[in-house]
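Single-structure report; data block below.
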């Protein structure tokens, strides 16, 4: 079912070329179309599935791509991002000196050999690769529907591009999706921590965020916390965070610059992540 939608009228009627950005998080699919002529996002649709049947999930993804023309000839470029808590960041200098399957077994109890494939994406700003597993069934859907596409993890483009929107050298970013949180910690403008948590209760979210502070020796009264994604200003969760952390704010992100007029009433931070994904080459 569609849980959120803002879309320009008559998207495919003027032969404009688009870039598709697809963010996959658990049982949630977020699609965005960006006009290549002006770089502005013109459509966002978010779909959430309550069914735990994996076959249904992949059939639904196939149907969504077909029903909304996401494999149209006018969609000339495609970026797909997977958000999962299983990933590992490896510096370039290590090169090919690692066994990827052994590496991934250290960050998850899943068995990847039969059902998953390990993918790699670059984070050039920190001279590293990020390795992460993706279920082969979902790759088969994407291979069948798209002629070509680039694959990312939800951490890579946040790490690569967040400093363009946050001027502080020391800060923590929490980006909220439908069912997960990505956290990044920077000190002296260098990444020192990157984690993904699966969303559950408000108390669990607070515990996970505070645990990042404690594990990295960050002070609640001085280390700034920036928020982005699906969290609203003055929501219960926002207020709870403000009760525990002294400096809490949203990323500085003007939606009028990066989104079309249809998004004028939507806070810019809400789709910060899908915008950054849309800017990946």
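Using the Cβ-Cβ distance between residue 145 and residue 8 with R0 set to 25 Å, the FRET efficiency from 1/(1 + (r/R0)^6) comes to roughly 0.65. Compute the separation of the alpha-carbon centres of segment 178-210 and segment 237-281 and state it in Å as a whole number. First find each Cα centre; the distance between them is then 16 Å. Here the spin labels are modelled as points 7 Å beyond Cα on the Cα-Cβ line, and at residue 37 and residue 114 they lie 5.2 nm apart.
By the helix-only formula, in which each DSSP H run with n ≥ 4 contributes -39500 (n - 2.57) and the sum is divided by residues, the chain has a 222 nm mean residue ellipticity of -7000 deg cm²/dmol. Rounded, prolate or oblate for segment 158-250? Axes are the square roots of the Cα gyration tensor eigenvalues, ordered a ≥ b ≥ c, and the cut-off for rounded is a/c under 1.5. Taking the square roots of the gyration eigenvalues as a ≥ b ≥ c, segment 158-250 is rounded. From least to most packed, judged by other beta carbons within 10 angstrom and beginning with the fewest, 223, 195 follow the order 195, 223.
Note on segment 207-281: the C-alpha convex hull projects to 6.2 nm² when averaged across all orientations. Between residue 219 and residue 137, the distance separating the two model label sites (each 7 Å from Cα on the Cα→Cβ line) works out to 5.0 nm. When each of 157, 238 is scored by the number of other beta-carbon atoms lying within 10 Å, the sequence from fewest to most is 238, 157. Computed over the chain, the alpha-carbon pair-distance distribution with 5 angstrom bins reads 1, 5, 12, 16, 19, 17, 14, 9, 5, 1, 0, each value a whole percent.
A short reminder: the numbers here are calculations on the coordinates, not readings from a lab. As the structure is a prediction and not an experimental result, all values here were calculated from the model. Please note: Cβ atoms are built from the backbone with ideal geometry, for glycine as well, and neighbour counts cover all protein chains shown.
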